[in-house]
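Inspection log for the structure reproduced underneath, given as structure tokens.
The values are calculated or read from the model by the stated rules, or taken from the named source; none is laboratory data. Since we're looking at a predicted model, the values are computed, not measured. Ideal geometry is used to build each Cβ from the backbone, glycine not excepted, and the neighbour counts take in all protein chains shown. We work out accessible area using only protein heavy atoms, side chains counted, and drop any ligands, DNA or RNA first. Shrake-Rupley method; radii C 1.70, N 1.55, O 1.52, S 1.80 Å.
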Amino acid sequence: MSQKNQDLVLETKRNFDFENWNCIYEKWVALKCQLLELEDNEDYQIKLEQFQVSMKNYEEIRRSYEKLSGQFHDDIAQYHSFIAYFNAIREDVANCCYLEFSE
């Protein structure tokens, strides 16, 4: 083993906090037990299924919103384009009328 790896091993041995790691492991075991209990809990399963349905509905609503938002922005852009063309035509007609009838 290289000197660098040996130094790392020695540093780890000096800094290793068994109590801290043991506490973390015990918390992990407790959480795993809670998870297993929840998986066996009928109320939890019902709420989980309701949550999953709600998330699916939310995703559908979000996609619909994005689609409608995109359509709205396209419609606004088309409206502004129409107004610009309409104003240009109105100005051309006004100029033609002015030239035609001002003489």
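For region 10-78, the residue among Leu31, Gly70, Phe16 whose Cα projects farthest onto the positive side of the dipole built from Cβ charges is Phe16.
Within the chain, the ratio Rg/Rh, alpha carbon atoms throughout and Rh by Kirkwood, equals 1.59. On the chain, 59 percent of the accessible area sits on carbon and sulfur atoms, based on a 1.4 Å probe.
Each helix, a run of at least 4 DSSP H residues, gives -39500 (n - 2.57); summed and divided by the residues of the chain, these come to -34000 deg cm²/dmol at 222 nm. Looking at the chain, the accessible area is 97 square angstrom per residue; that uses a 1.4 Å probe and ignores ligands, DNA and RNA.
Scanning the chain for DSSP H helices at least 24 Å long along the axis (C-alpha atoms) with a Kyte-Doolittle mean no lower than 1.6 picks out nothing. Other residues lying with their Cβ under 13 Å from the Cβ of Glu59 contribute a combined charge of +2, Lys and Arg counting +1, Asp and Glu -1.
The Lys56 and Leu31 beta-carbon pair, evaluated with R₀ = 25 Å, returns a calculated FRET efficiency of approximately 0.40.
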